[in-house]
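Trainee: Below is one structure. I have some questions about it.
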Amino acid sequence: MAKQAGVSTGLVAHYFGDKDGLLEATLRSLASRLSRAAAARLRAAATPRARLQAVIDANLAPEEMDQRTGAVWLAFWGQAIHSDRLLRVQRIYQRRVLSNLRHALTLLAPSSEAERLAIIIAAIIDGLWLRTTLAASWSPSDADAARRIAAGFVDTQLAASTEGYAMPMSPPVPAASSQRRLAAWIGGRAAPDATAETFVSANPATGEALASLEIAGIAQVEAAVAAARSGQKVWARMTGMERGRILRRVADILRQRNDELAELETRDTGKPIQETRVVDVVSGADCLEYFAGLAGGITGESVDLGPAAMGYTRREPLGIVAGIGAWNYPLQIACWKAAPALACGNAMIFKPSELTPLTALKLGEIMTAAGVPDGVFNVLPGDGRTGGLLTAHPAIRKISLTGSVPTGKRVMAAAAETLKQVTLELGGKSPILVFEDADIENAVSGALLGNFYSAGEVCSNGTRVFVDRSIRERFLERLLERTRKIVVGDPLDPATQMGALISEAHMQKVLAHIARGVADGARLLCGGERVTRDGLGRGFFVSPAIFDGCTDDHSIVREEIFGPVMAVLTFDTEEEAIARANATEFGLSAGVFTRDLARAHRVIAQLEAGTCWINTYNITPIELPFGGYKMSGLGRENSRAALDHYSQIKSVYVALTDVEAPY
Ligand code: NDP
């Protein structure tokens with residue numbers, strides 16, 4: 001029996017008398033031999049398609065199908081129906097095959113397809129194996145034929161699934177006939193691919209097509225990983241001071257080109273030029289400058305272990321990291337992720353949002369012009385599929401995402417497959433608490449900044465404004481007076497204070513939230529309508545909306561709207577305000593307005609939020625950590641805290657005496 005199963009006679013002897021145990025041990029031995037063979041083939045496979053083939057080849061190898069081994073496998077599968085122990089081994093084995101297939105497929109097909117295809121391919125492998133094993137006469141060429149059939153089937157399935165997934169980008173925008181076609185930035189240069197699918201980036205204020213961009217697929221992701229791998233080696237060999245000097249030059253160029261970049265950002269996002277000129281580029285440059293300064297001081301520590309030994313730690317880069325950005329602060333987000341990553345000696349592959357890809361590509365050019373080695377900062381325009389490819393790639397050691405909670409969950413789940421680290425900067429529904437002793441003018445300013453800056457498309461916005469009942473009238477009066485004066489208009493006009501929302505789809509979502517608020521019984525005090533006068537109808541403008549009479553269960557009070565919609569609520573006691581402020585799954589930010597400093601600190605200490613303000617709102621200096629509690633995220637950006645998320649610690653024990661060994 002041992003001979004027939006190809007296992008040691010010792011194993012059989014060990015289990016003699018325990019038939020089920022013997023069968024189980026033998027099946028385990030066969031299954032783990034096959035798993036080891038598959039693992040060896042997977043290690044040798046260089047591409048995702050090759051990894052897929054490795055699973056097929058291992059399972060349909062001649063040695064698994066010859067008549068002797070085939071007969072043993074068949075006997076086991078037959079027995080498994082009657083034995084829980086064998087069934088358990090069979091399930092483990094099948095799960096392993098599925099997981100290997102799924103993992104390779106996440107780099108080859110849309111994630112929704114990967115699971116389905118993995119199941120189909122596993123079934124085909126089983127079917128081919130069974131057919132070949134049951135054949136009356138058997139020769140090794142039958143195994144070759146089976147593998148060829150499986151490979152052909154896989155290629156057909158992959159082609160069909162990628163085709164099916166090639167949906168048009170939303171929203172539809174005019175063709176960019178006269179526009180440049182922009183490609184990924186890989187290895188310090190544009191990397192065009194004539195065969196790539198493209199999308200159009202449009203100005204949400206006018207509908208004008210700005211550029212046509214190639215969607216980075218598997219080939220670009222692999223090229224970017226290869227470029228990052230060699231670039232990172234060069235970059236990590238430099239001293240922190242040298243890296244810092246180059247990053248400082250990137251900051252300088254950003255500042256020199258502030259107005260040009262701000263205008264591009266305004267065209268791509270619809271945000272007013274009066275904002276992008278003073279915030280978007282500047283805060284990116286600040287971040288690069290800050291981490292440039294820290295780069296030379298990223299060190300480990302020395303640890304005293306007594307006279308016989310010493311210890312020290314090295315703070316080392318993770319390797320290749322990926323950044324995935326949202327559309328509201330495209331250049332700032334790219335800088336906030338790249339600066340700490342590069343300061344620590346990593347290489348970054350950045351994927352901007354498909355809605356706002358233009359300034360990240362400019363940042364790629366600027367990095368190269370400033371002397372960042374080729375491959376250290378790569379930009380891959382694309383959609384969620386490109387993000388998915390990065391998240392699944394085994395060579396990428398970390399993903400830093402700025403995006404919505406659902407995307408954050410998907411990214412974290414996908415990153416688990418390759419045990420990547422994740423930093424997640426997600427959404428929010430943050431509270432602002434205005435106490436009866438607050439400076440009303442300042443509190444109104446904070447509420448306006450925290451709701452209507454960037455047309456409300458800011459993750460940390462304080463969209464639930466809790467006001468002490470005793471000052472509600474005064475607060476609302478000034479709030480309305482000042483809101484009605486907000487100038488909505490052409491974002492390129494320096495007088496404009498509120499520009500367009502990012503897309504028609506997003507505008508419709510914001511308008512639907514407003515309609516729902518009205519239907520739920522909240523009072524719309526002003527705004528909340530689409531603005532179409534003076535040619536603005538070509539874009540996606542909504543006037544700033546203030547709701548009063550809201551209750552905590554209204555959807556406008558619970559859900560992140562990401563548009564210019566403020567909900568005002570009243571409270572009677574400090575305890576009540578804190579409890580209601582915390583009654584949300586989010587925890588990104590919170591603000592408190594009061595002249596009583598003791599109360600300010602007492603209340604802030606009880607608020608469940610990662611980024612808080614006292615007597616102001618939405619100021620985010622690079623020196624302070626930024627990030628959320630609860631569903632608003634994991635990890636921190638900015639400040640020294642970000643360095644922890646882009647580096648790893650190596651401990652070194654150094655013996656100073658002879659090695660004592662009892663052997
Ligand atoms: P999304 O979550 O839709 O997208 C964020 C990024 O993730 C985009 O680049 C997107 O690609 C990409 N992506 C989508 N699906 C996947 C996937 N399966 N795997 C990997 N990447 C994927 O967010 P939005 O762009 O709509 O941004 C708005 C959200 O971002 C809001 O919820 C807001 O609160 C949050 N945000 C948080 C901030 C923070 O710091 N906490 C700051 C700014 C915004 P594509 O869009 O190209 O398809």
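Trainee: Quick one: count up the residues across the range 487-503 that are aliphatic (A, V, I, L, M), touching a helix residue (DSSP H, G or I) at 6+ places or on another chain (Cβ under 6 Å) and away from the ligand (no atom under 16 Å from the Cβ).
Mentor: 2
Trainee: Let me ask something additional. Within the range 529-573, which residues are assigned to a loop (DSSP other than H, G, I, E, B), within 16 Å of the ligand (Cβ to nearest atom) and closer than 19 Å to K271 by Cβ?
Mentor: The answer is F540, E560, I561, F562, G563, P564.
Trainee: Could you list, in sequence order, the residues of the range 366-390 that are polar (S, T, N, Q) and more than 13 Å from the chain's Cα centre (by Cα)?
Mentor: Result: T368, N378.
Trainee: Restricting attention to the range 271-284, does a residue exist that is surrounded by fewer than 24 Cβ atoms within 10 Å (Cβ to Cβ) and closer than 16 Å to R248 by Cα?
Mentor: yes
Trainee: Within the range 617-633, can you find the residues that are within 11 Å of the ligand (Cβ to nearest atom) and either over 22 Å from the mean Cα position of the chain (by Cα) or not hydroxyl-bearing (S, T, Y) (or both)?
Mentor: Within the range 617-633, F626, G627, G628, M631, G633 qualify.
Trainee: Is there any pair with a first residue in the range 619-633 that is over 15 Å from S430 (Cα atoms) and a second that is among the charged types (D, E, K, R) and in a helix (DSSP H, G or I) whose Cβ atoms are under 7 Å apart and which are 6 or more apart or on different chains, and what are they?
Mentor: Within 7 Å, the pairs are I622/D286.
Trainee: Further question: Test of understanding: among R249, R267, R245, R255, which residue is free of Cβ contacts under 8 Å to residues at least 40 places away in the same chain and either more than 16 Å from the ligand (Cβ to nearest atom) or of a type in the set (S, T, N, Q) (or both)?
Mentor: R255
Trainee: Here's a follow-up. Take the residues in the range 184-203 that are in contact with a strand residue (DSSP E or B) (Cβ under 9 Å, 6 or more places away or on another chain) and touching a residue at least 40 places away in the same chain (Cβ under 8 Å), then tell me which one is surrounded by the most Cβ atoms within 10 Å (Cβ to Cβ).
Mentor: A184
Trainee: Among the residues of the range 119-129, are any more than 19 Å from E64 (Cβ to Cβ) and surrounded by fewer than 17 Cβ atoms within 10 Å (Cβ to Cβ)?
Mentor: The answer is yes; a qualifying residue exists.
Trainee: Going through the range 545-597 one residue at a time, which ones are within 15 Å of F435 (Cβ to Cβ), among the hydroxyl-bearing types (S, T, Y) and in contact with a helix residue (DSSP H, G or I) (Cβ under 7 Å, 6 or more places away or on another chain)?
Mentor: Within the range 545-597, T570, T594 qualify.
Trainee: Which residue, of S470, S430, is closer than 30 Å to R267 by Cα and among the small types (G, A, S)?
Mentor: Being closer than 30 Å to R267 by Cα and among the small types (G, A, S) holds for just one of S470, S430, which is S430.
Trainee: Somewhere in the range 470-478, is a residue in contact with a Ser or Thr (Cβ under 7 Å, 6 or more places away or on another chain) and either more than 19 Å from V531 (Cα to Cα) or free of Cβ contacts under 8 Å to residues at least 12 places away in the same chain (or both)?
Mentor: yes
Trainee: Name the pairs whose Cβ atoms lie under 6 Å apart, with the first residue in the range 437-462 and in contact (Cβ under 8 Å) with a residue 12 or more places away in the chain, the second basic (K, R) and assigned to a loop (DSSP other than H, G, I, E, B), and 6 or more positions between them or separate chains?
Mentor: Note: pairs meeting the criteria are D437/R595; S454/K271.
Trainee: I want to confirm something. Restricting to the range 453-479 and keeping residues that are away from the ligand (no atom under 16 Å from the Cβ) and of a type outside the set (D, E, K, R), which single residue is nearest to F562 (Cα to Cα)?
Mentor: V465
Trainee: Within the bounds of the range 552-564, is there any residue that is under 23 Å from L426 (Cα atoms), at pLDDT 95 or above, small (G, A, S) and touching a His at 6+ places or on another chain (Cβ under 8 Å)?
Mentor: Yes.
Trainee: Further question: Among the residues of the range 592-646, write down those that are in a strand (DSSP E or B) and buried (at least 21 other Cβ atoms within 10 Å of the Cβ).
Mentor: V592, F593, T611, W613, F626, G633, E637
Trainee: Also, I was wondering about something else. Show me the strands (runs of 3 or more DSSP E) entirely contained within the range 311-418 in which 1 or more residues are within 10 Å of the ligand (Cβ to nearest atom) and crowded, with 24+ Cβ neighbours inside 10 Å.
Mentor: Once the strands (runs of 3 or more DSSP E) in the range 311-418 are filtered for at least 1 residues that are within 10 Å of the ligand (Cβ to nearest atom) and crowded, with 24+ Cβ neighbours inside 10 Å, what remains is 320-324, 347-351, 396-402.
Trainee: Would you pick out the residues in the range 461-470 that are of a type outside the set (S, T, Y), outside any strand (DSSP E or B) and buried (at least 18 other Cβ atoms within 10 Å of the Cβ)?
Mentor: Result: N461, G462.
The values are calculated or read from the model by the stated rules, or taken from the named source; none is laboratory data. Here the structure is a predicted model, which is why all the values come from computation and not from measurement. Every residue, glycine among them, receives a Cβ derived from its backbone with ideal geometry; neighbour counts consider all protein chains shown.
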